[in-house]
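Undergrad: After the structure tokens below, expect a handful of questions from me.
Derivation of every value follows stated rules applied to the coordinates shown; laboratory data play no part. Quantities reported herein were computed from a predicted structural model and do not represent experimental measurements. A quick note on method: Cβ atoms are made from the backbone with ideal geometry, for glycine too, and the neighbour counts reach across all protein chains shown.
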Amino acid sequence: MADDPYARAASAGAAIRERLGEHRAVLVLGSGWAQVAELLGAVRAAVPMHEFPGFPAPVVQGHSGMAHSVDVDGTPVLVLAGRSHLYEEHPVATVVHGVRAAVLAGCGVVMLTNAAGSLVPQNGPGTPVLIRDQLNLTGANPMTGAEPPAGYPGRFSDLTDLYSPRLRAAARAAFPDLPEGVYAGMLGGSYETPAEIAMLRTLGADLVGMSTVLEAIAARHLGAEVFGVSLVTNLAAGMSASALDHHEVLETGKASVGRLAELLRAVTAAM
Ligand code: 8IG
């Protein structure tokens, strides 16, 4: 039982409810999105995530590792500022642990944000792009391993309309010019080569990153409605003269937070 990821997520969910209360939705903030938390509304309480069962200590710079309870225009939203990645050699169950804990704590909507590279020249740095669908190219899947225990949906979840058409429509009603795209989730550890970006373009990718896809699958499996948005911080490899670096990611985030907060408030109002 101790190594059952669902039991661990359920106990983390209970601890989240105890310390932060009940929430309608969970918002996972990616690189460059950290400052959005305070702009969404009043922060009612905050707890370091690693104080909840099953959450590891944060590693990547720019991820604060805090769980906030935020009142977003009257809707209670659990904000997880930071996430675990496969490239840190976290097991897939750890990568999706926060999302599972939040859904088991009662969050019916999962909003996933990330920083990403863009394969579409028109969607340059600073552009938010709605995730319409995904390519899980990580080689991992949260539905592998032991069968989900009794009381949980079985594996082989239907991922048609993984990213809620209803919530995407709400976002575009508030921001009519918001582009949509397919997000390719990579294992990461490095950025891509130009040849790999050419491959991804052929596969139908508009965005590329190292997160989100596994959390989306785990959230959908547990019946949550999923929303995703990428903040483009760079054109993908081979598409611009400058080299890619993580500092650029954090700076682009700082310049864009106001608009991103407005977008998330509009989606929350439509939930
Ligand atoms: I920000 O160009 C960001 N994250 N794999 N490729 C991948 N991840 C990214 C990129 C990118 N930019």
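Undergrad: Using only the alpha carbon atoms of the range 1-153, find the Kirkwood hydrodynamic radius as the inverse mean reciprocal pair distance, in angstroms to one decimal. Working shown, then result.
TA: On the way: mean 1/r = 0.0611 Å⁻¹.
So the Kirkwood estimate lands at 16.4 Å.
Undergrad: Rounded to the nearest 20 Debye, what is the dipole magnitude of the range 127-271 about its Cα centre when Lys and Arg each give +1 and Asp and Glu each give -1 at the C-beta? Could the numbers behind the result be given before it?
TA: On the way: 10 positive and 15 negative charges, 69 e Å.
Using only the charged Cβ atoms, the result is roughly 320 debye.
Undergrad: Kindly express, to the nearest 10 degrees and within the range 0 to 90, the angle between helix 165-174's C-alpha long axis and the longest C-alpha principal axis of the chain.
TA: Relative to the chain, helix 165-174 is tipped by roughly 60 degrees.
Undergrad: What is the P(r) of the chain, as percent of Cα-Cα pairs per 10 Å bin from 0?
TA: Going out from 0 Å in 10 Å bins, the chain shows 7, 33, 39, 19, 3, 0 percent.
Undergrad: I'd like to compare 144-155, 81-92, 218-229: which one has the highest average count of other Cβ atoms within 10 Å, and what's the full order after that? Can you show the working numbers first?
TA: Working: 144-155: 11.0, 81-92: 19.8, 218-229: 23.5.
Highest-to-lowest ranking by the protection proxy: 218-229, 81-92, 144-155.
Undergrad: Same structure again: Using the crude model of +1 on Lys and Arg Cβ and -1 on Asp and Glu Cβ, and no other charge, please compute the dipole size for the range 5-269 relative to its Cα centre, in debye to 20.
TA: Values: 17 positive and 23 negative charges, 96 e Å.
With only Lys, Arg, Asp and Glu charged at Cβ, the dipole is about 460 debye.
Undergrad: Let me ask something additional. May I ask you to order 163-171, 177-185, 190-198 by the average number of other C-beta atoms within 10 Å around their residues, highest value first? Working shown, then result.
TA: Values: 163-171: 17.3, 177-185: 20.4, 190-198: 15.1.
Ranked by mean Cβ neighbours within 10 Å, highest first: 177-185, 163-171, 190-198.
Undergrad: Of the options L130, H246, A93, report the single residue whose Cα projects farthest towards the positive end of the charge dipole of the chain (beta-carbon charges: Lys, Arg +1; Asp, Glu -1).
TA: Checked the options; the winner is L130.
Undergrad: Follow-up. Calculate the length of the line joining the C-alpha centroid of the range 129-170 to that of the range 190-214, in whole Å.
TA: Each part reduced to its Cα centre gives a spacing of 19 Å.
Undergrad: Right, something else. Compute the Kirkwood hydrodynamic radius of the range 102-180, taking the inverse of the mean of 1/r over all pairs of distinct Cα atoms, and give it in Å to one decimal.
TA: Working: mean 1/r = 0.0643 Å⁻¹.
After inverting the pairwise mean of 1/r, the radius is 15.5 Å.
Undergrad: To continue, here is another question. For the chain, calculate the relative contact order in percent as a whole number, restricting contacts to Cα pairs under 8 Å that are 6 or more residues apart. Provide the component values of the computation, followed by the final result.
TA: Numbers: 584 pairs, mean separation 70.8, N = 271.
So the answer I get is 26 percent.
Undergrad: Based on the mean of other beta carbon atoms within 10 Å per residue, what is the order of 25-32, 43-50, 136-143, most packed first?
TA: Values: 25-32: 26.4, 43-50: 15.5, 136-143: 17.5.
Per-residue Cβ counts within 10 Å, averaged per peptide and sorted highest first, yield 25-32, 136-143, 43-50.
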